[in-house]
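Written out below as structure tokens is the structure these notes cover.
FYI, it's all coordinate maths here, none of it is from the lab. What you see is a predicted model; the values in this text were computed from it and never measured. Cβ placement follows ideal geometry from the backbone for every residue including glycine, while neighbour counts extend to all protein chains displayed.
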Amino acid sequence: MYNIQGYFEAETVKEAVDLLAANPNLVVIAGGTDVLIKMHHGQIEKAELLSIRKIKSLEGIEKLEDGTVTIGPLTTFTQVANSPVIKENIPVLAEAALSMGGPQIRNVATIGGNICNGATSADSASTLFALDARLKLQSPQGERVVPIQDFYLGPGKVDLKPAELLTGILISPENYQGYAGHYIKFSMRKAMDIATLGVAVLCKLKEGRLFEDVRIGLGVAAPTPIRCPEAEAFARGKDVSRETIAEIGKLAVKATRARTSWRASKEYREHLVEELTQRALKAAVLKAGGGEVA
Amino acid sequence: MGYSIVGESVKRVDAVAKVTGKAKYTGDFLERDMLVGKILRSPHAHAMVKNIDVSKAKALPGVEAVLTYRDVPANKFATAGHPYALDPAHRDKEDRTILTNKARFVGDAVAAVVATDELVAQEALKLIEVEYEVLEPLLTPEAAMREGAPLIHEDCPRNIVSSAGYEIGNIEEAFKESDYIFEEEFETSIVQHCQLENHISIAYVDSDGRIVIITSTQIPHIVRRIVGQALGIPWGRVRVIKPAVGGGFGSKQDVCLEPLAAAMTLAVGGRPVKLELSREECMIDTRTRHAIKYKIKTGVAKDGKLVGMHITAISNTGAYASHGHSILMAGGSKFRILYPMKALKYDAYTVYTNLPVAGAMRGYGSPQITYAVECHLENIARKLNMDPIELRRKNLVQVGYVDPLNGNVVRSCGIRECIDKGKELIKWDEKKARYQNQTGTKRRGVGMACFSYASGTYPAGQEIAGARIVLNQDGSVQLQLGATEIGQGSDTVFAQMTAEILGIPVDMVHVISTQDTDVSPFDTGAYASRQTYITGMAVKKAALEVKEKILDFVFKMTGIPAQALDIKDCNIVYKHSGEAVMPLAEVALRTYYDLCSAHPITSDTSNNARVNAFTFGVTFAEVEVDVCTGKIEVVEIYNVHDSGKIINPQLAEGQVHGGVSMGIGYALMEQMLFDEKTGKPLNNNLLDYKLPTIMDIPEIGVAFVETFEPTGPFGNKSLGEPPVIPVAPAIRNAVLDATGVAFNRIPMNPQRVFEKFKEAGLI
């Protein structure tokens, strides 16, 4: 039984942000797979909920004429995983979406909710970080677009201003065209689990033997999802070799701020970052048409 | 044996009701004006309640009652689901009260609220003001046993519940005779049953002033007695109803909620009260599996014959005894039959700590000791450069062996055939050879482990069972039992047994699945893998009695002597030729309406079984170890069981599937974690507690070696718990085979494997 004190439904973005402006206590609910759990555990008490499920404009995936892929925040993980646009253009995001929860959860959980929840473990986040995704945010005052890396402020904390709603996730063509990617969700279970570490790697090769660009997004390696600038800078222009990849793995650890908890030790987490970054990169190289790196 | 229905995979009698949602579970009973009960739990692992102020909670609209230890009877009672012992010395430890003024673990029930709905009850809990005097939390047996540690229960010095053990032969002499001595330590973790249906009870007072409790339990008759004891009222004033149950695995072989539910209804003038735990509550305040530490010293002769073994076991039973020392004693007696040796010394300590209460869980102490002993034997075999299977073979029990302490006899034993079958299924020799000298990131290995177990508890416990059969006018029957269907399929196998004897199809046996202590025959319930064996005896006896009465009736009608007759396919037939005499339905109709000789046929039978049967089996497992991440994956696994005659192969296979996946979780993933300083639970939910999903479990291979157990009603022996027992050591031995690293502690989760591999230089 949930202690729901009020329940509002918006049918347009404008209606939603106006309601939010009028009542700052409203908690936005979409799929509910995070909000209801927080209520169950008492992290949200006596909630007044604003459902955005009826806002049709927030659903769906599109490829614009300029090649930008836009994902509506209400798009469920199942829809992301099955979307022809995503599968064709950014298959790594479909892989990440498919690693989340189980089928029932994926059928209701939304990608926008996954981002706005602010968890470092969000299964979509490390890939969206690697893709340099941008987020479109709407408030009664207007619209702004921010890089996803600036949106995450801390554990469970995102840069949503009062009365602001996430209305779109944008991925520009220069961030996915020519790239191949691979996502590894390292978790204790193969389904229904939270990542111990999420590693999303994108790479673009030159002549199949040089790294033109490498991007590494990590989840659960720091209080928010992160990128690995030092490792990425090192990779640019290097030949695709076991040694290069080993070094990239080592350098990736430098970006992390892992800590010891009862879930895993810092030492183990760092070891996993080094190991799994290499594995993800090797898999991405293969997909990018490079050879197998033993 | 020429059975026609026993031994067939007939459809579960409750299949349609369960898959269509028509089966009624406790939560489906919607009593009129039902109130909701909630429990206030201690935030401290060890603390005295100095003061409780409930005035604000009581004043909250919608609150009907607030209870503290002052408002409920102070009778001390034991919660373990055992038969009552007339001899006070053999009773379980009576260390509980319905509510406590001394919190002994985080989550201990210090107060309770009854309110109009869950939200009001929840709100009221927050308004109860409790002042605690916090005591030192004792979170390990070592801390609890140390000199001068505070006492968790006043009457147990050094917090030891019991230290009773045994010695067979003379251990010191055995060690002197041995060529080699091996000493090792092993450790298991605290895990939880995680059955699908959480604990739930509904209680009310009926129009005769009796307390009625509808409850999700494995042991309705025992619940009646314990509620009577807890409340200090005559046991007959309590009526317990057990509807469909969504699993228990031992957590419901214990009385967790019912006394409090009864106290709650009494506090609100008998109105119905529902007391239902959330998963988070269920994981800390029902029961867990005991974590046990073993020290084993073993003497072995040159040829691999075990000469003597000295086991010291220290069991963490948590805040209240529950099944307590019985777990150590049961484990310590059921394993020893497998490898008889000259001397065996068992020192056993069950220790209170300020952690959740450990109780019965599938295997009842055997998964722990089997893990320790089967890992130990594997290590010994390696040190002796012997094939681990050969080492075991050299020491296996023979038919005719009599347990020197309890007198139980091995009358059937297929362990050798189980081993042969398992070796063949997994292609042992081929893989053993193939997996030598691996160096890559992913390494494979094979391992195995054996077990022995019992069928019921005799002679440690009484083994009584009841069955009642009523013949209807159409030749069908009602079968009533005190034994409980909790998902394992017992109703179906009892229907098969009845149908077999009475010569009718299974769908003419109407099993009354609900137990009601007012009307159901007496039976202690579902535990110790006892029902098919023990209750089966009562069912067989009742069915034979009904058959005898039917044939006698036919004799009176026809003059054909009963011994010349049989019942086949719903007809009375001549035994020698099979020629039909008359339809069973005609006889049945006459038993009701014949003007002269009408006498409806029933049997109301009880059977006090003073016998036990040993059951055996093996797990063979193949693993793939990711050396660089510490992840272990079971790629193939086979369980082969000697459970005597299999009554229903499909249901039996289902039992094995469940047990094996539970064993895989035990080996690789599951453990309850607590803050090392405060004892606060860290992962009492199904996200953080890593119960495996179906994706984590490989195809499970199942095979049976069907011996015939002469004491079993149909040649059968136990199967409910056994499948879980040998799984963890087999997986561990496979990991050892793959990597050369010996894990003497479970679970082998990636963090722990990483640490161990680093230590071993593999990473």
Practice prompt. Would you mind checking which residues have amide H under 5 Å from B:Lys345's amide H? H placed 1.01 Å from N; only 5 or more apart, or other chain.
Written response: B:Ile168, B:Met309, B:His310, B:Ile311
Discussion item. Relative contact order of chain B, please, whole-number percent, based on alpha carbon pairs below 8 angstrom and at least 6 residues apart.
Written reply: 16 percent
Worksheet item: How big is region A:180-287 on each of its three principal axes, counting only the C-alpha atoms and giving the largest first in Å?
Response: 44, 27, 21
Item to complete: Just tell me how shielded B:689-696 is by partners: mean number of partner chain Cβ atoms within 10 Å of each residue's Cβ, no decimals.
Response: 4
Worksheet item: Which entries in B:Lys427/B:Lys645; A:Lys185/A:Lys287; A:Lys266/B:Lys756; B:Lys421/B:Lys756 show an alpha-carbon gap greater than 23 Å?
Response: B:Lys427/B:Lys645; B:Lys421/B:Lys756
Worksheet item: Using just the C-alpha positions of region A:4-51 as equal point scatterers, what log10 of I(q)/I(0) does the Debye formula give at each q in 0.14 1/Å?
Response: -0.32
Worksheet, complete the sentence: Beyond 18 Å, the calculated P(r) of region B:33-106 holds a percent of Cα-Cα pairs equal to 55 percent
Item to complete: Express in % the proportion of alpha carbon pairs of region A:59-172 at distances exceeding 18 Å.
Response: 45 percent
Worksheet item: Can you give the angle from 0 to 90° between the axis of helix A:13-22 and the longest principal axis of chain A, with both taken from C-alpha atoms, to the nearest 10?
Response: 60 degrees
Worksheet item: Taking the Cβ-Cβ separation of A:Ile105 and B:Ile763 as r and a Förster radius of 35 Å, what is the calculated FRET efficiency to the nearest 0.05?
Response: 0.55
Fill in: Relative compactness, the protein assembly as shown, computed as alpha-carbon Rg over 2.2 N^0.38 Å
1.03
Item to complete: Highest first, please rank the peptides B:190-202, B:430-442 by the mean number of other Cβ atoms sitting within 10 Å of their residues.
Response: B:190-202, B:430-442
Discussion item. What does the charge count around A:Tyr179 come to, taking other residues whose C-beta lies under 14 Å from its C-beta (Lys +1, Arg +1, Asp -1, Glu -1)?
Written reply: -2
Worksheet item: Based only on the alpha carbon positions, what is the Kirkwood hydrodynamic radius of chain A, in angstrom?
Response: 19.5 Å
Worksheet item: What helices does chain B have that are whole DSSP H segments, at least 27 Å long along their own axis by Cα, and with mean Kyte-Doolittle hydropathy of -1.0 or more?
Response: B:536-558, B:649-668
Worksheet entry | Ordering of A:16-24, B:532-540 by burial proxy (mean other Cβ atoms within 10 Å per residue, highest first) | B:532-540, A:16-24
Fill in: Neighbourhood net charge (13 Å Cβ-Cβ; Lys/Arg +1, Asp/Glu -1) for A:Ala21
-1
Practice prompt. Report, in whole Å, the centroid distance computed from the Cα atoms of region B:67-95 and region B:482-509.
Written response: 34 Å
Fill in: Potential extension, B:His657-B:Glu31 segment - 0.36 nm per residue separation minus Cα distance
221.7 nm
Practice prompt. Just add up the charged neighbours of A:Ala195: K/R +1, D/E -1, any other residue whose Cβ is under 10 Å from the Cβ of A:Ala195.
Written response: -1
Worksheet entry | Equivalent ellipsoid semi-axes - Cα gyration tensor, chain B, angstrom | 41, 38, 22
Item to complete: Among the listed pairs B:Lys432/B:Lys631; B:Lys342/B:Lys383; B:Lys22/B:Lys549; B:Lys24/B:Lys252, give every one whose C-alpha distance is greater than 27 Å.
Response: B:Lys22/B:Lys549
Worksheet entry | Estimated distance in nm for a label pair at B:Val399 and B:Glu133, the labels positioned 7 Å out from Cα along Cα-to-Cβ | 6.5 nm
Worksheet item: What does the helix-only formula give at 222 nm for chain B: each DSSP H stretch with n ≥ 4 adding -39500 (n - 2.57), the total divided by the residues, and the result rounded to the nearest 500 deg cm²/dmol?
Response: -8000 deg cm²/dmol
Item to complete: Find how many whole Å separate the alpha carbon centroid of region B:278-301 from the alpha carbon centroid of region A:137-178.
Response: 49 Å
Discussion item. Between helix A:266-287 and chain A, what is the angle of the helix's C-alpha long axis to the longest principal axis, kept within 0 to 90° and rounded to the nearest 10?
Written reply: 70 degrees
Fill in: Inter-chain Cβ neighbour average for residues B:667-678, partner chain, 10 Å
1
Worksheet item: Total Lys pairs in region A:16-118 closer than 25 Å by alpha-carbon, pairs eight or more apart in sequence or interchain only?
Response: 6
Worksheet entry | Extension reserve of the B:Met386-B:Gln438 stretch, reckoned as 0.36 nm per residue once the Cα distance is removed | 16.7 nm
Worksheet item: What ranking do B:122-134, B:275-287 get when scored by the average of other Cβ atoms within 10 Å per residue, highest first?
Response: B:275-287, B:122-134
Discussion item. Based on alpha-carbon centroids, what's the gap between region B:396-452 and region B:315-393 in Å, whole number please?
Written reply: 18 Å
